[in-house]
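Colleague: Here it is: the structure, laid out below.
Here, each number is a calculation from the coordinates, and none is a lab measurement. Remember, predicted model here, so these are calculated numbers, not experimental data. All Cβ positions, even for glycine, are placed from backbone atoms using ideal geometry, and neighbour counts span all protein chains on display.
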Amino acid sequence: MPLSASSALQGGLKNPLLHGSDIPAKFDGVVARVDKVRLAPANFKAPFIIDFAEPLPYGCKSWAVNQTNVAILAEKIGDDLEALNGKRIYLKKILVDNPATNETVFSLNVAKVEGEKAPPAKKIDTKAKKAKDAKTATVEGISEKDLPF
């Protein structure tokens, strides 16, 4: 396969795919409006590609959505990825270990989606919390309440 063909599959030379390393150090993420969600080409490891409504300042117009982010999106908006069309998403820059190179690199993680479902409310077991607070094991005069964490 010629080099020009492979770069075209990755968004083309003029519109490369967005990566965590594209975001300047002074920013912790990026907000973009989704134009459409499409299936990734067969040779991609990522199942989907999100095309942005407008190119980002970094020259990127698309982002490959990995399996982890597909699961996060499913939690936030449900099973219909087309529901993302027209919505803003916040992609947070995070550090991850690249298994292919054993290096720590920047990646992107879906942090927020416009109109996302509210997470289920967590129930707090007040009886268990009171019981835990009552048990403060002491060692040489230091209790759990004296620890900074």
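Colleague: Pairs of Cα atoms under 8 Å, at least six residues apart: use those to get the relative contact order of segment 16-87, whole percent.
Modeller: 34 percent
Colleague: Another question about this same structure. Given Cα positions, please report Rg to Rh for segment 3-121, the hydrodynamic radius being the Kirkwood one.
Modeller: 0.95
Colleague: By how many nm would the segment from I72 to A53 grow when fully extended, if each residue of separation counts as 0.36 nm and the alpha-carbon distance is taken off?
Modeller: 4.7 nm
Colleague: Residues in segment 78-93 near a label at K112, defined as backbone nitrogen under 16 Å from the 7 Å Cα→Cβ point?
Modeller: Counting backbone N atoms under 16 Å from the label point, the list is 87-93.
Colleague: Cross-chain or 8 or more residues apart, Cα under 14 Å: how many lysine pairs in segment 3-121 fit that? Count them up, please.
Modeller: Counting lysine pairs in segment 3-121 gives 12.
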